[in-house]
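What follows is one structure encoded as structure tokens, with my remarks underneath.
The values are calculated or read from the model by the stated rules, or taken from the named source; none is laboratory data. Everything quoted here is computed from the prediction, not taken from an experiment. Ideal geometry is used to build each Cβ from the backbone, glycine not excepted, and the neighbour counts take in all protein chains shown.
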């Protein structure tokens, strides 16, 4: 589950899907509320809940005093609540923040969200209240999570810098400065602040001293414009009088100070904030984290929380090191004593060009440039040392080779770096940060050689354009060749949440290759394929892990493979964590491509659900599912490829507004009605299945109209279902109002069946399914399959099945997502004999028996990897021997070997099916 997917659901106000399907909350258990405030009616819908904490949605956005009154009315019987007020453009999320020690006095906290804002801190709030699907979290712990997330403050150096920039922007906004002018002004000020602290000019702190001594609050707007004009004018063309303090400033050039700037008089607070910013040491902030400035000024919400969404350098290095940096570092090591090879390596570096077609604030380009300049410096130092060794040995060395001034030998230059960014502010930050990281690289050179390039005035600069990368011909920036490296982190928008324009873009980019499964991010993959054509360079993108999981894989990877690309390296799904404490995290994969046979592919895996240390593996092949296995593309199916397996379908869906579902607190009241009690059935969703929790439903398939009319409980609840369905905006739901006593969707079997949760934790060794009898109703939070003898339980409980699920299945966060059409129907289970089937049934019965040896332990307890009872583990090991034998496996086998076998088996079964 990606951050953008969460926000897409927020944008479309699909809060039920957001909280139930994606965040793991429970179905609503309260009917809609209609409240009268000052003569106006407001209807709130209960969209989800968890142990008494309920989420309410009001589809209008009244003034805040009215919001407060509504919240008070909701809180009369719902102490713990979150109320979301929305219109088409804006939302306000309100919850009571209580003091410590559980005080009932609450300060109502409001978080404002603007539709389409992808820099909001709202994602952090949602992540804080996300529940694992096999987690039974106490309510007090959930409230603690909320409090930690909502009240969190971070004051790292980078966040402190971001706050300073945010304060400046706030004052510009209050002064009526337009976004374009504010963007340009802050980019220029950022350059000057950094230059002061990084010894870019003499005397030191030139800008700060000028600001303190030569400007006033009343004249600051004209003083800054005058300074910028001087910075943009060569010294020999200035009209500044001799002795004027402005004569100390050098000509900057390079476009940064070009262009008119319209500034009204600025508030005195702005000058004070700017002086405070001067007091901060900007040289301690890497230009690679200047993206925080972007997040800080993007919105009031982002400013309030300090810009926590920029990327860590550690994660950027996970992309650039295996893509090119490791190879060139290795070449340096091999050429250490060979001046000719050092020279060749240096020349090769000078041929490289780098393009980030979704560059944001330029982090990938910045880190790549910094690392390549450091590599180049090592080459120059080693060549010097070899020359000195030669002199010591009495050999003749040309005078030019002895010069300490190596500035003319720099081959890695800013004009070899290119970026495309759709928004102006990050594009400006990227350009500015590249200039500053160049200065830092030159400082390092000066420390080693005593000389460094003087970049003022700026004559060499990167090409960062403000444009839509999908509407831009990348070749217009840099001609394609074997030396162009493409890298970056394109935006992610899911296939079902694209806007009409984004869908049109996706179709236009992919053309005849388009398939509805393709996410928006895949447009950058298509553009990269088309950009290179027959050239054979290398490229890598960070994307959400969905590009290597589930149904979409074949539609993205088929054209990549057909164009001759191979997977050079990959990081399997892991958390892409931001720089700031508590910052947003998303599960991603990094995939790099080339058309070479060497080096050997490298695959990084993350055993701890994407949160721990990566394990590095040199492998023979990385397939589209990022497995060390043969390359094969799995297609979703409408029926099982294994003839011995029955169909799997969704469970029963109530669509009832909580009226046909009976919670623990309602059971006794319903059961006391003798008619209603006859129709009361156990109701099992994923949480009840995994944690042995109690819930019931009214299953009225055989109920007569007379029974419903005679029962006060049934009559009231069925009437409420009818009212809820009639009020729906969905025609299909309105139609079902004609049968309000029935579940919206019913697929219940009349035999014992297997209840299959939609998700299972990444760390589970085995899939946690359970057989149930027909008198227990299975909800649509589970899948179900008829399983009268336990055979299906045996197949799904095997290590072979969960290995297949891990290999190809989709995920939510890092949890495994079960799919009937994709994971289950494609499972390449061999044809079996009656004797083999009976062995599976017997092994399945032993698993059930071992579970029953531990009354009181839920599936979550039994299959906790650290606490699984020995007899349960033994039963699974016995089952694995039976299933492995069916796959012709004799002896121990690990998960990688299982997946290699399964891919081969699948390929063989598909080939056979295609021939028949």
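The single condition from (1) surrounded by fewer than 16 Cβ atoms within 10 Å (Cβ to Cβ); (2) at pLDDT below 95; (3) part of a loop (DSSP other than H, G, I, E, B); (4) out of contact with any helix residue (DSSP H, G or I) (no Cβ under 9 Å at 6 or more places or on another chain) that residue 751 fails is (2). Taking the criterion of being outside any helix (DSSP H, G or I), surrounded by 23 or more Cβ atoms within 10 Å (Cβ to Cβ) and in contact with a strand residue (DSSP E or B) (Cβ under 6 Å, 6 or more places away or on another chain), would at least one residue in region 662-669 satisfy it? Looking through region 662-669, at least one residue is outside any helix (DSSP H, G or I), surrounded by 23 or more Cβ atoms within 10 Å (Cβ to Cβ) and in contact with a strand residue (DSSP E or B) (Cβ under 6 Å, 6 or more places away or on another chain). The helices (runs of 4 or more DSSP H) found entirely in region 467-576 that carry 3 or more residues being surrounded by fewer than 18 Cβ atoms within 10 Å (Cβ to Cβ) are 500-510, 553-562. Of all residues in region 708-723, those being in a helix (DSSP H, G or I) and in contact with a helix residue (DSSP H, G or I) (Cβ under 7 Å, 6 or more places away or on another chain) number 8. Of all residues in region 158-178, at least one satisfies being within 18 Å of residue 263 (Cα to Cα), surrounded by fewer than 19 Cβ atoms within 10 Å (Cβ to Cβ) and free of Cβ contacts under 8 Å to residues at least 40 places away in the same chain.
If you check 482, 530, 505, 519 for being out of contact with any strand residue (DSSP E or B) (no Cβ under 6 Å at 6 or more places or on another chain) and free of Cβ contacts under 8 Å to residues at least 12 places away in the same chain, only one passes: 530.
Consider region 674-685 and keep the residues that are crowded, with 17+ Cβ neighbours inside 10 Å and free of Cβ contacts under 8 Å to residues at least 60 places away in the same chain. The one that is nearest to residue 697 (Cα to Cα) is 680. When region 485-502 is filtered for residues that are in contact with a strand residue (DSSP E or B) (Cβ under 7 Å, 6 or more places away or on another chain) and at pLDDT 80 or above, the ones remaining, listed by number, are 485, 486, 487, 488, 489, 490. Residues that are buried (at least 17 other Cβ atoms within 10 Å of the Cβ) and either outside any helix (DSSP H, G or I) or at positive phi (or both) within region 206-236 comprise 215, 232, 233, listed in sequence order.
Taking the criterion of being in contact with a helix residue (DSSP H, G or I) (Cβ under 6 Å, 6 or more places away or on another chain) and touching a residue at least 12 places away in the same chain (Cβ under 8 Å), the residues of region 229-247 that qualify are 230, 245, 246.
The residues of region 724-748 that are outside any loop (DSSP other than H, G, I, E, B), more than 35 Å from the chain's Cα centre (by Cα) and free of Cβ contacts under 8 Å to residues at least 24 places away in the same chain, listed by number, are 726, 734, 735, 737, 738. Of the listed requirements (1) under 17 Å from residue 799 (Cα atoms); (2) outside any loop (DSSP other than H, G, I, E, B); (3) in contact (Cβ under 8 Å) with a residue 60 or more places away in the chain, residue 830 misses just one: (2).
When each of 628, 656 is tested for being closer than 30 Å to residue 48 by Cα, under 36 Å from the mean Cα position of the chain (by Cα) and in a loop (DSSP other than H, G, I, E, B), the lone residue that passes is 656.
Out of all the residues in region 695-718, is one or more at positive phi, surrounded by fewer than 19 Cβ atoms within 10 Å (Cβ to Cβ) and in contact (Cβ under 8 Å) with a residue 12 or more places away in the chain? Scanning region 695-718, I find no residue that is at positive phi, surrounded by fewer than 19 Cβ atoms within 10 Å (Cβ to Cβ) and in contact (Cβ under 8 Å) with a residue 12 or more places away in the chain, so the answer is no.
Among the residues of region 401-420, those identified as modelled with pLDDT of 75 or more, out of contact with any strand residue (DSSP E or B) (no Cβ under 6 Å at 6 or more places or on another chain) and not in a loop (DSSP other than H, G, I, E, B) are 409, 414, 415.
Here's a check for you: in region 670-693, which residue that is part of a loop (DSSP other than H, G, I, E, B) and touching a strand residue (DSSP E or B) at 6+ places or on another chain (Cβ under 8 Å) is farthest from residue 49 (Cα to Cα)? The residue in question is 679.
Per-residue answers, yes or no, for (1) modelled with pLDDT of 90 or more; (2) assigned by TED's automatic domain parsing to the domain that holds residue 780; (3) over 22 Å from residue 666 (Cβ atoms); (4) in contact with a strand residue (DSSP E or B) (Cβ under 9 Å, 6 or more places away or on another chain):
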position: 38; (1), (2), (3), (4): no, no, yes, no
position: 57; (1), (2), (3), (4): yes, no, yes, yes
position: 76; (1), (2), (3), (4): no, no, no, no
position: 80; (1), (2), (3), (4): no, no, no, yes
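Note on region 25-76: among residues that are in contact with a helix residue (DSSP H, G or I) (Cβ under 8 Å, 6 or more places away or on another chain) and within 21 Å of residue 144 (Cβ to Cβ), the one that is surrounded by the fewest Cβ atoms within 10 Å (Cβ to Cβ) is 52.
Please determine whether any residue of region 596-609 is assigned by TED's automatic domain parsing to the domain that holds residue 883, farther than 25 Å from residue 555 by Cβ and part of a loop (DSSP other than H, G, I, E, B). No: zero hits. All told, residue 133 falls short of being at pLDDT 80 or above, outside the structural domain of residue 277 (by TED's automatic domain parsing) and outside any helix (DSSP H, G or I).
The single condition among (1) closer than 27 Å to residue 517 by Cβ; (2) crowded, with 22+ Cβ neighbours inside 10 Å that residue 689 does not satisfy is (1). Screening 636, 623 for residues that are under 27 Å from the mean Cα position of the chain (by Cα), assigned to a loop (DSSP other than H, G, I, E, B), more than 30 Å from residue 162 (Cβ to Cβ) and modelled with pLDDT under 95 leaves exactly one candidate, 636.
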